[in-house]
Amino acid sequence: MIDDLPNDAKSKEVVRLWRAWRTVHEMVADREYELAEDEVNISLDRFRDEYCHPDGTVNRAKLQFSARPSDSMLRKNTPPATPSNPDPVPDCGPIWVEFLTDKQFGVGQIRQFAKYTISNNYKTGIMVTHVPLSPAARKSLASVENLAKIECFLEDDLLVNITHHELVPRHVLLSREEKIALLKRYRLKETQLPRILQKDPVARYLGLKRGQVVKIIRISETAGRYASYRLCV
Amino acid sequence: MANQSGRPKGILKDSITPSGDSKQTAREIAIHHATLLQHRKDLESQILDSVILLSEYPLVREAPYSSANPAPSDVSDFKANVRLFQPSDYDDLIEERNVNDLCGYTLCARPRRQTGGGGEWKLTSSGEIVKRKELEKWCSQICARRALFVKVQLNETAAWERAGIPDIQIDLLDEDKSTETEADRTARKLGELKLDDQRQAARDSAALAMERGVNGITSSMDKVKITLKEKDVTAPSEMASQVGNANTEDHLLIDGHKAKIPEEEMKDSE
């Protein structure tokens, strides 16, 4: 099948972008945003039809989409009701994903993206770039953190979906009630759990926030399955 | 068992119950460390703001001024903002300026050099082989020199450890003061005055803090209470006076001890 593709740089670029595009969709779907099945599993031919110019180059301006959180995700991210706060609001919201074309990333581009995300009431923004951010730009991401969570992925890192690798076990995000139940069951304090870093590739894939707990389910030769828990720090 | 309350008795020692006093001090320590962290964060964001501000300099780009002879207002701003930088922050600034397509030297308005396509390495006119990335940071060799001249004056120490120190001064390469006009001189003087004012303010606030008995943010908790206590030195003097009194029998002493032989025995033996 690969043989009948025109073997030049243009189509390589298309294939790269198609793979990143798919991985981003899988990532957003795995975070339990609402996405249709055929949006996630887009075939290369359809991708070429929809997002390419007639001359075969990708129309990057079209590579952007948004998604709304599903009901189960909203439930997961709602803090438990307390007497002082009987009707809590979920701390997640719609997500905005964009492939950016700039050749260099400074504070200016980041601010522009953050401004767009915040002014359109998105709670999370994912920017996919093909060059790394400048150090100052990376630091400036922290300043908008309480308005919107801006995540940045390199196109190169999205060519394959890391969670599909056989050595990566399944990570499941726990809801707040599940976390409280876990801590009660094992009579632990939060800090006594094993930890996972926020910059861990899987943590970045799932968009973990500080204080969330993931359940990691491994296959065990002796026990069949083995679950361990990690607190995101 | 015999335990009346019905609860099994643990074999571990009773844990020390925190009294109200230790809770109070724990709270104070926590607040102290929180303020320290906040102070650091504030400084970091201030440095980030400086980087972003300086990444668009120089503000004055008209004809008489160039990177060799920058506008005095820009110079004073640059010096004031770059004072708290660590060398790594300065590298960030250079990169940020390059993103804005400017020469890495803050007071240079020219675009950075574009050497066109090609590999990772580049042959310079002097015959050296350098990384293309290094070469494209600057507009010319002289600007690279000027920028690195500033970089070597920066301090590796973390910003929060020297934020209060007023004596950090950054000089520029080949600052020539002979050709400047009257207006430039006043502008430069104004810039120096501004720095002097900051220093004076820092000194004044330090003096005021000392007067009030308030210590600086870093030194308030690190103190150890010291009480000086004189050590009484008395032991050897007694011995000396004894020896002084009995100096007629010095020859009978063995290691300061006088053997007592009963007198009758002495007589018997005679």
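Every number in this text was worked out from the coordinates using simple rules, so none of it is lab data. Computed from a predicted model, the values in this text were never measured in an experiment. Virtual Cβ from ideal backbone geometry, glycine too; neighbours counted across all protein chains shown.
Data overview
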| read-out | value |
| --- | --- |
| Residues in region A:161-179 that a label on A:R225 would reach, taking backbone N under 20 Å of a point 7 Å out along Cα→Cβ | A:163-179 |
| Sites B:R212 and A:N85 - FRET efficiency at Förster radius 45 Å, r taken between beta-carbons, to 0.05 | 0.60 |
| Reachable lysines from B:K189, criterion Cα separation under 20 angstrom, eight or more residues apart if same chain | B:K79, B:K177 |
| GNM top mover of A:Y205, A:Y186, A:Y33 - chain A, alpha-carbon springs below 10 Å | A:Y186 |
| Globularity ratio of region A:32-81, using Cα Rg and 2.2 N^0.38 Å | 1.66 |
| A:H165, A:H130 arranged by Cβ crowding within 10 Å, fewest neighbours leading | A:H165, A:H130 |
| Leading residue at positive end of dipole, region A:2-160 (Cβ point charges), from A:W18, A:H130, A:T117 | A:T117 |
| Length-normalised contact order for region A:164-232 - Cα pairs under 8 Å, 6+ apart - percent | 39 |
| Gained length - B:K260 relative to B:K23, 0.36 nm times residue gap less alpha-carbon distance | 78.7 nm |
| Whole-number percent relative contact order across region B:28-211, with pairs defined as alpha carbons under 8 Å at least 6 apart | 23 |
| Cα-centred dipole magnitude for region A:164-232, charges only on beta-carbon of K, R (+1) and D, E (-1), debye, nearest 20 | 320 |
| Where only alpha carbons of region A:2-160 are counted, the Rg and the Dmax (Å) | 17.8, 65 |
| Estimated translational D of region A:1-86 in µm²/s (Stokes, Kirkwood radius over Cα pairs; 10 °C; 1.306 mPa s) | 104 |
| Dipole of region B:28-211, positive direction: furthest Cα of B:Q86, B:V152, B:L193, with charges on the beta-carbon | B:V152 |
| Shape category assigned to the protein assembly as shown from the gyration tensor of Cα positions, a/c cut at 1.5 | oblate |
| Residue-averaged [θ]222 nm for chain A, counting only DSSP H segments that reach four residues, each worth -39500 (n - 2.57) | -9500 deg cm²/dmol |
| Positive-end residue, region B:28-211 charge dipole about Cα centroid, Cβ charges, pick of B:Y57, B:G118, B:N69 | B:G118 |
| Length-normalised contact order of chain A in % [C-alpha pairs under 8 Å, at least 6 apart] | 16 |
| Which of B:H39, B:H251, A:H53, A:H25 has the fewest Cβ neighbours within 10 Å, and the rest in rising order | B:H251, A:H53, B:H39, A:H25 |
| Within region B:34-78, GluC sites (Glu not before Pro) in DSSP loop having at most 12 other beta-carbon neighbours inside 10 Å | B:E62 |
| A:V89, B:V51, A:V214, A:V172 arranged by Cβ crowding within 10 Å, fewest neighbours leading | A:V89, A:V172, A:V214, B:V51 |
| Calculated on alpha-carbon atoms, Rg and Dmax of region A:164-232 in Å | 12.3, 34 |
